[in-house]
1. Quickly rank 181-187, 11-17, 150-156 as a protection proxy: mean count of other C-beta atoms within 10 Å, highest first.
2. Using +1 at the C-beta of Lys and Arg and -1 at the C-beta of Asp and Glu, which of Ser223, Pro157, Leu204 has the Cα lying farthest in the positive direction of the dipole of the range 123-233?
3. Could you pull out every residue, at least 5 positions away or on a different chain, whose amide H is within less than 5 Å of the one on Asp76? Hs are placed 1.01 Å off N in the peptide plane, and Pro or chain starts have none.
4. Would you pull out the residues with amide H under 5 Å of Ile198's amide H, same chain only if 5 or more places away, H placed 1.01 Å from N?
5. Full extension from Phe231 to Lys130: what is 0.36 nm times the residue separation minus their Cα-Cα distance, to one decimal in nm?
6. Please report the net charge: other residues with Cβ closer than 12 Å to the Cβ of Asp154, K and R +1, D and E -1.
7. What aspartates and glutamates does Lys147 reach when the alpha-carbon gap must be under 20 Å and sequence neighbours fewer than 8 apart in one chain are set aside?
8. Short version: ³J(HN,Hα) in whole Hz for each residue of the range 64-78, in order, from phi by Karplus 6.51 cos²θ - 1.76 cosθ + 1.60 (θ = phi - 60°), x for Gly and Pro, what are they?
Amino acid sequence: MTDKFNLSKEASRLVVLQRINLIEPFLKKIRKFFGRSLFTTFFTRYFLNPDKIGKNYYKAMNDEFNSIKHLFEPSDNSYLSIGAGMGGLELIINNNFKNIFFNFIEKNYVSKKVTYGWNEANTEGYHDFKLQESFLLNNGLDFSKFKIYDFDKDDLPVVKFDVVISLLSLDYHYNFNIYLKYLKKVCNNNTKVIFDTIRPDYFLTVFKNVKIISVEKHTVHKSKRIICNEFII
């Protein structure tokens, strides 16, 4: 049984830019001392251990899966992942459920200075489609089971999804309303929409059903993870 993801050096760099909490304390000190720009452009290229990052990333994604796996059903086979990063969570979902197809919506560039926090216009990007594709293939997800869409360039898929997941992305880093019109097209009344927010009460005006899954008390955002379904027209 594996306890890590296989990561190339470039892929491990991308994982760290997406999930800075995976790095070791001394690298966090370097980042704080030299600044985010130099950390992004230089230190992440030469001072990361792909094996350690692969283990840390697997553990983080396995913990994420265990916290929400009770929400999934065997009949859920069409997933939309918004801002999923490399797709580690989706790999673990795939290992636990059958006949699933994943649609990923991402941005395909790395900002020169990675800025974390709220970005109303959704302009920050820390991603590379080729690296994600290689990562998914190298960790057991067949090419026939996923497709990656560029938010800025592609026509996004318009089908009814069983599950929409956007952990630590939609309404955590940028406004949910950027996707509101689109999500209304691709959700039916039973579609499960799972994401993180600091304003769960607001979504009582958006969905008929809103349930808090968990509360994160140890981050700046103090966010709540919620599951919703059935848009209010």
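Every read-out reported here was derived from the displayed coordinates using simple, explicitly stated rules and does not represent laboratory data. As the structure is a prediction and not an experimental result, all values here were calculated from the model. FYI the Cβ positions are ideal-geometry reconstructions off the backbone, even for glycines, and counts take in every protein chain you see.
1. Numbers: 181-187: 15.4, 11-17: 24.1, 150-156: 12.6.
Packing order, densest peptide first, comes out as 11-17, 181-187, 150-156.
2. Farthest towards the positive end: Leu204.
3. Sorted by chain and number, the residues that satisfy this come to none at all.
4. Counting only residues 5 or more places away or on other chains, the set is Lys224.
5. On the way: separation 101, 0.36 × 101 = 36.36 nm, distance 3.43 nm.
Residue separation times 0.36 nm, minus the Cα-Cα distance, leaves 32.9 nm.
6. On the way: positive: Lys107, Lys147, Lys153; negative: Glu106, Asp150, Asp152, Asp155.
Around Asp154, the surrounding residues sum to -1.
7. Asp76, Glu90, Glu106, Asp128, Glu133, Asp155, Asp162
8. Computed from phi, the couplings for the range 64-78 are 4, 4, 4, 7, 10, 4, 5, 7, 8, 10, x, 7, 6, 10, 10 Hz.
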